[in-house]
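The values are calculated or read from the model by the stated rules, or taken from the named source; none is laboratory data. In this text, all values refer to a predicted model and were calculated from it rather than measured experimentally. Every residue, glycine as well, gets a Cβ built from its backbone with ideal geometry; the counts of neighbours run over all protein chains shown. Heads up: the accessible areas ignore ligands, DNA and RNA and are worked out on the full protein's heavy atoms, side chains in. Shrake-Rupley method; radii C 1.70, N 1.55, O 1.52, S 1.80 Å.
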Amino acid sequence: MSERSQQQTGRTAAQEAVHDSAFLRACRREPVPHTPVWFMRQAGRSLPEYRKVREGIPMLESCMRPELVTEITLQPVRRHGVDAAIFFSDIVVPLKAIGIDLDIKPGVGPVVADPVRTRADLERLRPLDPSDVPYVTEAVGMLTAELGATPLIGFAGAPFTLASYLIEGGPSRTYENTKAMMYGAPELWAELVERLSVITAAFLRVQIEAGASAVQLFDSWAGALAPAEYRRYVMPASAKVFDAVAEYGVPRIHFGVGTGELLGLMGEAGADVVGVDWRVPLDEAAKRVGPGKALQGNLDPAVLFAPREAVEAKTDEVLAAAAGLEGHVFNLGHGVMPAMDPDALTHLVQYVHERTAR
Ligand code: CP3
């Protein structure tokens, strides 16, 4: 790139290449050389090289070692040739960093020692300072240096999904304690999600300031709510998070599972890209989300366990439904599963690139 254009954009050549990547172009709804692909939970999970470097190191501890975070984040980029990297961490890392006693149990998920149920419990949820997560700043810096033209996606858990772990004390299928607080103690609930929005916004800001070029807000379990409840009890806190990072101008992705009825509201909350699970075809999702936003998704992850011909056929269906979209980032409808064959994922990336090459 010429010196003059560098002066015009204020970006280095490397930053310019990232800015011009297929992934960021699709997020901005600009023309792309091919449909970009990445996979939620691509870092870790099904990769033998991940299991090897993680051996004997607990999940949360591995998130606090910058060299290890860098290596794990790069593994799927090297192996699959995906169009974006996602930072290796977890949605509960900022909660751990402010002193919440929690752990990630293998095969279970986050487990909180003392669930948050009362007003006094809220005092434990102090704001996050960048100095609470120096390992995040360090790892993102190392990664952006290593990734070259491949963009890095930062992420955080949305207030509702984080609240569900804090209140239930672990994973839940019914969210009974969470909903009991939401409906029964709405003021306490509002204060809880307000505090979480501050923590979440700070966690995203740390990643963007260190060099992440897009962010995804995971409201994985928001699909447990009806639209009216989502709008009233959840959307204001998530909207605050999106507002808090708007000034950076990086694309903001908003994703949840089983959120077919919420897609319009999840866009309205302030997302630039709305993630769609496999239950709603992308052309229908585009109608629900409305104009001015890109979509991300939405191959059923379980399809990856079928023979290659079936994977290709289902992928063709996703691409056909995406043909009229303003911007499309190919992804699974939810995360990579541990038992998936890594080669099937590599093939899927190649297949989408070939089918969409323009
Ligand atoms: O996407 C990526 O590869 C980046 C890393 C990432 C992890 N967790 C690493 C992880 C991301 C983006 C997350 C987000 C996350 N964590 C979400 C939202 C995404 C989604 O799937 O909806 C949620 C709900 C969590 C909470 C959580 N952490 C769960 C449910 C689990 C799985 C528990 C299990 O073992 O089944 C975790 C643990 C976790 N987070 C693992 C990884 C790689 C597995 C830990 C291991 O390998 O031992």
Complete set of residues in segment 54-69 that are more than 10 Å from the ligand (Cβ to nearest atom) and not in a helix (DSSP H, G or I): Glu55, Gly56, Met64, Arg65
Selection from segment 261-279 of residues that are open to solvent by 10 Å² or more (accessible area, probe 1.4 Å) and under 28 Å from Asp341 (Cα atoms): Trp278, Arg279
Members of segment 316-341 found to be surrounded by fewer than 19 Cβ atoms within 10 Å (Cβ to Cβ) and either acidic (Asp, Glu) or more than 12 Å from the ligand (Cβ to nearest atom) (or both), listed by number: Asp316, Glu317, Leu319, Ala320, Ala323, Gly324, Glu326, Asp341
Residue list for segment 27-53, restricted to those being surrounded by 15 or more Cβ atoms within 10 Å (Cβ to Cβ) and within 8 Å of the ligand (Cβ to nearest atom): Phe39, Met40, Arg41, Gln42, Ala43, Gly44, Arg45, Tyr50
Residue selected from segment 88-130 under the condition in a helix (DSSP H, G or I) and closer than 20 Å to Glu187 by Cβ, by the criterion least open to solvent (accessible area, probe 1.4 Å): Leu122
Flag for Gln15 being surrounded by 16 or more Cβ atoms within 10 Å (Cβ to Cβ) and over 20 Å from the mean Cα position of the chain (by Cα): yes
Any hit, segment 294-315, residues being open to solvent by 20 Å² or more (accessible area, probe 1.4 Å), closer than 20 Å to Phe160 by Cα and over 19 Å from the mean Cα position of the chain (by Cα): no
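Here are Ala17, Ala43: which of them is at pLDDT 95 or above and of a type outside the set (S, T, N, Q)?
Ala17
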Within segment 215-241, considering residues that are within 23 Å of Ala22 (Cα to Cα) and open to solvent by less than 10 Å² (accessible area, probe 1.4 Å), the one nearest to the ligand (Cβ to nearest atom): Gln216
Candidates Glu312, Glu326, filtered to the one that is part of a loop (DSSP other than H, G, I, E, B) and charged (D, E, K, R): Glu326
Identity of the residue in segment 157-171, assigned to a helix (DSSP H, G or I) and open to solvent by less than 10 Å² (accessible area, probe 1.4 Å), that ends up nearest to the ligand (Cβ to nearest atom): Thr161
Looking only at segment 70-87, and only at residues there that are within 12 Å of the ligand (Cβ to nearest atom) and in a loop (DSSP other than H, G, I, E, B), the one that is farthest from Ala158 (Cα to Cα): Val82
Residue count, segment 54-75 (criterion: open to solvent by less than 50 Å² (accessible area, probe 1.4 Å) and either touching a helix residue (DSSP H, G or I) at 6+ places or on another chain (Cβ under 8 Å) or modelled with pLDDT under 95 (or both)): 13
